[in-house]
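Below is one structure, written out as structure tokens, with a few remarks after it.
Just so it is clear, none of the values below were taken in a lab; they were calculated from the coordinates. Just so you know, these numbers come straight off a predicted model, no measurement behind them. Using ideal geometry, Cβ is built from the backbone for each residue, glycine included, and neighbour counts are taken over all protein chains shown.
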Amino acid sequence: MLLDVQDVSVQFGGLRALNGVSFGVQEGEIVGLVGPNGAGKSTMVNAVSGALGRHRGRISFASHDISGLAPSRIAEMGLVRTFQLVQPFRGLTAIECVTLGALYGSGTDRPTGVPAARRLAEQVLAFAGLSAAAGLACDTLNASQRRRLEIARALAARPKLILLDECLSGLNSSEIDQGITLVRAIRERGIAILIIEHMVRVMATLADRIVVLDRGEKIADGPAAEVLTDRRALGIYFGTTA
Ligand SMILES: Nc1ncnc2c1ncn2[C@@H]1O[C@H](COP(=O)(O)OP(=O)(O)O)[C@@H](O)[C@H]1O
Ligand SMILES: [Mg+2]
């Protein structure tokens with residue numbers, strides 16, 4: 001198991017955002033994490049990526065216990081995330097933003113020096129369909145370009161696992177199709193993906209397995225075809241799109 005989440009609970013004051021949730025992601029797998037607003041999906045991404053600091057339970061990545069490690073350390077190990085609310089660095093161009101991602105990434109092939117990082121950033125921008133936007137200021141990009149930039153920044157860190165938190169939300173139908181194609185291409189590079197998305201179409205097309213959260217509890221976990229035909233899971237799942 002590449003990512004192994006065991007019995008994770010997160011408490012915010014009196015609110016239990018996650019309650020004893022366990023699940024895993026295998027190498028090369030696409031796992032969908034779904035559930036209504038407030039179910040605890042982003043909290044799980046925060047816990048796994050180290051953004052929360054403390055949680056109960058155990059999270060291991062590539063057989064290392066990463067509970068309590070700093071996000072930068074976890075990213076170096078090859079686990080990176082995108083943010084639901086994209087906040088591109090003001091004043092930086094798209095290529096500069098992705099070059100930063102390349103400099104702070106993982107792996108033995110980590111580029112040394114800015115020119116090498118910039119060459120990697122150029123390749124990743126091309127992969128994400130953003131070559132034409134390379135020289136544009138991040139904060140002038142449209143919604144679809146920002147989502148792609150966020151994915152490109154994460155990919156430049158050469159992850160083994162990427163956590164995509166609602167990376168397709170707010171996009172139109174053809175942009176979503178392009179996003180699906182991009183996510184598939186990421187997997188073809190051997191990168192495992194944990195994807196949070198409300199749209200059934202996206203989950204049905206992309207996910208190998210689906211984990212359903214509701215009010216901090218895991219209520220379903222199985223092959224996508226099974227979960228998408230489970231009435232209880234579906235009722236809660238569709239609650240998200242209503
Ligand atoms: N930093 C925080 N402080 C306090 N409450 C939080 C914090 N982050 C999330 N929550 C609460 O935890 C619950 C789960 O939130 P979240 O994980 O963002 O849900 P989802 O991503 O599934 O919509 C919500 O009730 C939310 O208001
Ligand atoms: Mg969320």
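Residues 41, 160, 218, ranked from the fewest to the most other C-beta atoms within 10 Å, line up as 160, 218, 41. Of 61, 23, the sequence from fewest to most neighbouring Cβ atoms within 10 angstrom is 23, 61. For the stretch 90-158, the Cβ-based charge dipole about the Cα centre amounts to some 80 debye (Lys, Arg positive; Asp, Glu negative; other atoms uncharged). The ranking of 174, 131 by Cβ neighbour count inside 10 Å, starting from the fewest, reads 174, 131.
Ranking 1, 39, 134 by Cα position along the charge dipole of the chain, where only Lys, Arg, Asp and Glu carry charges on their C-beta atoms, puts 134 farthest toward the positive end.
If eta is 0.890 mPa s and T is 25 °C, what Stokes-Einstein diffusion coefficient results for the chain, Kirkwood Rh from Cα pairs, in µm²/s? In µm²/s, the coefficient rounds to 136. Near residue 1, once Lys and Arg are set to +1 and Asp and Glu to -1 for all other residues with Cβ below 10 Å from its Cβ, the sum equals -3. Rounded to the nearest 20 debye, the dipole size of the chain about its Cα centre is 380 debye, using +1 on the Cβ of Lys and Arg and -1 on the Cβ of Asp and Glu. In the neighborhood of residue 19, defined by Cβ-to-Cβ distances under 14 Å, what is the net charge if each Lys or Arg adds +1 and each Asp or Glu adds -1? Summing Lys/Arg as +1 and Asp/Glu as -1 gives +2. In terms of its alpha-carbon gyration tensor, the stretch 100-242 comes out prolate; a/c meets the 1.5 threshold, and the first ratio a/b outweighs b/c.
Structure remark: mean-square fluctuation, Gaussian network model of the chain, C-alpha springs under 10 Å; the largest value among 78, 113, 68 belongs to 113. Only one residue of 203, 164, 101 has its Cα farthest out toward the positive end of the dipole of the stretch 98-242, where Lys and Arg carry +1 and Asp and Glu -1 on Cβ, and that residue is 101. Connecting C-alpha atoms closer than 10 Å in a GNM of the chain, tell me which of 35, 20, 101 has the biggest fluctuation. In this elastic network of the chain, the residue with the biggest mean-square fluctuation among 35, 20, 101 is 20.
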